[in-house]
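Scroll down for the structure; my scribbles are underneath it.
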Amino acid sequence: MKVLGISGSNRKDGNTAFLVKRILEHVDEEECYEIETEFVSLAGKTIKPCTGCELCKEKKTCVIQNDDWGDIAERILDCDVLILGSPTYYYDVCGHLKNFMDRTYSFYHDRKLAGRSAIVVSVCADRGCERTLETLEAFVNTHEFSYLGFVGGRGYLPGDILRDERALAKCKKVAGNVIKLLRKNSEYIKSL
Ligand SMILES: Cc1cc2nc3c(=O)[nH]c(=O)nc-3n(C[C@H](O)[C@H](O)[C@H](O)COP(=O)(O)O)c2cc1C
């Protein structure tokens, strides 16, 4: 069972990355089950924007080449649970992650991501986090993930999130949802 965490922030060790990693750490604390966790930061990655060419409808994959999208997209195809995080930029997801999300249109036509589960995460300094979370939720709903919850945090400079005890507690709660799901799946597989 694979749990993949992605932070869309261009701050490699920023607040979003911290929350996504914190959820993964809580999932890792569950030692009884075969759970593999992985963290990917989009910081420093080249993600070209979708051009709207619609060729992916026919080719079943995004035709844009020579950037880092394909490798990360493969990891999403390979995961059971996705934890997707974005900093809040102007009350919404940051452009870097939006470019990444738009390119997954190539998976949408055949609902290649359907059946996975997702948690969404966002951090803002003051206001707008809710709308960012809505955008992320709309993204995972469109791809027919089942929704396991969200974490919204407050922080401005990298590391500020450590003072948001509510968000840190929520990380543990949503990690519990992931563990419950994986436990159920693993028991089902054993019963076959
Ligand atoms: C371009 C830009 C736009 C931002 N827009 C908002 C905003 O609309 N509301 C807000 O509360 N914070 C806003 N912020 C602050 C970030 O959300 C905040 O610094 C957050 O902690 C960044 O997360 P990160 O460390 O994961 O990158 C903005 C920051 C930048 C750089």
### The listed residue being of a type in the set (Gly, Ala, Ser) and crowded, with 19+ Cβ neighbours inside 10 Å, out of Gly153, Gly115
Gly153
### Query
Counting only residues that are in contact with a Phe, Trp or Tyr (Cβ under 7 Å, 6 or more places away or on another chain) and under 30 Å from Glu34 (Cα atoms), how many does the stretch 83-111 have?
2
#### Entry: Qualifying positions in the stretch 93-112 - buried (at least 19 other Cβ atoms within 10 Å of the Cβ) and farther than 18 Å from Lys45 by Cα
Ser106, Phe107
### Task
Mind counting the residues in the stretch 125-137 that are surrounded by fewer than 23 Cβ atoms within 10 Å (Cβ to Cβ) and touching a helix residue (DSSP H, G or I) at 6+ places or on another chain (Cβ under 9 Å)?
2
### Query
helices (runs of 4 or more DSSP H) wholly in the stretch 70-156 with at least 1 residues that are of a type in the set (Lys, Arg), touching a residue at least 24 places away in the same chain (Cβ under 8 Å) and under 21 Å from Asn10 (Cβ atoms) - which ones?
95-103, 129-142
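Residues checked against (1) in a strand (DSSP E or B); (2) away from the ligand (no atom under 14 Å from the Cβ); (3) under 17 Å from Thr132 (Cα atoms):
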| position | (1), (2), (3) |
| --- | --- |
| Asn10 | no, no, yes |
| Asp13 | no, no, no |
| Val20 | no, no, yes |
| Leu24 | no, yes, no |
| Glu30 | no, yes, no |
| Glu34 | no, yes, no |
| Ala43 | no, no, no |
| Cys50 | no, yes, no |
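Each reported figure results from applying straightforward, stated rules to the coordinates on display, with no laboratory input. It should be emphasised that the depicted structure is a prediction, and the values quoted were computed from it without experimental measurement. With ideal geometry, Cβ positions are generated from the backbone for all residues, glycine too; neighbour counts draw on all protein chains shown.
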